[in-house]
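Take a look at the structure below.
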Amino acid sequence: MSDAPQYLTQEKCDELKKELEQLKSVRRREVAEHLEYAKSLGDLAENAEYHEAREEQANVEDRIKKLEALLAGAVIMELRHTELVDIGSTVTLQKAGASAGATYKVVGSEEADLGKGKLSYNSPLGQAMLGKRKGEEFTAKTPSGEVRYMITDIE
């Protein structure tokens, strides 16, 4: 994982802490029980359940490690109103030629979800709008080419 800070809302941080606790207290025990049962079935070299349980154990441990690293370097976003687009801002954009705008909350990569209106500050659109003011136009480079936008509101 990179040394760059991971920006999280307090809500997402709490959600990840809850997942980490569940993995450590419940899933580890379940996987250990599954592993013990699979061992009891006999020959480990040809025991598909044993190999599946080992893979499951590795996946759980990888997720625990990832969450611990993420939370250790997390920066909790302060929701504040500014005149410039920043991480934590809620921004309404209007695409050039479109009649309606779209509203996005600028968040860290871990909680980006366009379906919920959460846009990563690392995305091409997120990077292009950082530091811009209400009424300012900018161009975002997308896979389908450059697209012009105007910021119609910042919260």
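General remarks:
- Taking region 117-141 and a reference point 7 angstrom along Cα→Cβ of GLU155, the backbone N atoms nearer than 13 Å belong to 117-118.
- Which labelled figure in (1) 21.8, 70; (2) 16.3, 52; (3) 17.9, 59 is Rg and Dmax of the Cα atoms in Å, once derived from the coordinates: (1)
- Filter on LYS65/LYS141; LYS12/LYS105; LYS12/LYS95; LYS18/LYS118; LYS17/LYS39 - keep pairs with C-alpha separation over 24 Å: LYS65/LYS141; LYS12/LYS95; LYS17/LYS39
- Here's the picture: charge each Lys and Arg Cβ at +1 and each Asp and Glu Cβ at -1 in region 6-76, and of TYR50, LEU20, TYR37 the one pushed furthest to the positive end of that dipole is LEU20.
- On the basis of the beta-carbon distance and an R0 of 22 Å, GLU52 and ALA4 show a calculated FRET efficiency of 0.05.
- Rounded tilt (10° steps) of 10-22 against the dominant C-alpha axis of the chain: 10 degrees
- Sequence of MET150, MET77 once ranked by neighbouring C-beta atoms within 10 Å, starting from the fewest: MET150, MET77
- Share, in percent, of DSSP beta bridges within the chain that are antiparallel, nearest 5: 75 percent
- Where only alpha carbons of region 90-154 are counted, the Rg and the Dmax (Å): 11.0, 31
- Straight-line cross-link reach from LYS116 at under 20 Å between alpha-carbon atoms covers these aspartates and glutamates, not counting any fewer than eight positions away in the same chain: GLU11, ASP14, GLU15, GLU78, ASP86, ASP153, GLU155.
- Per-residue ellipticity at 222 nm computed for the chain from its helices equals -11500 deg cm²/dmol, with DSSP H segments shorter than 4 residues left out and the rest contributing -39,500 (n - 2.57).
- Cα-Cα P(r), region 6-76, percent of pairs per 10 Å interval: 20, 38, 23, 14, 5
- Nearest 10 degrees, 0 to 90: helix 48-72 Cα axis against the chain principal axis: 40 degrees
- When only alpha carbons are used to place a centre, region 1-49 and region 59-112 end up 26 Å from one another.
- Computed extension gain for THR82 through ARG28, at 0.36 nm per residue and net of the alpha carbon distance, reaches 15.0 nm.
All of the numbers you see were taken from the coordinates with simple rules; none came from a lab. Given the structure is predicted, the values throughout are model-derived calculations rather than measurements. Please note: Cβ atoms are built from the backbone with ideal geometry, for glycine as well, and neighbour counts cover all protein chains shown.
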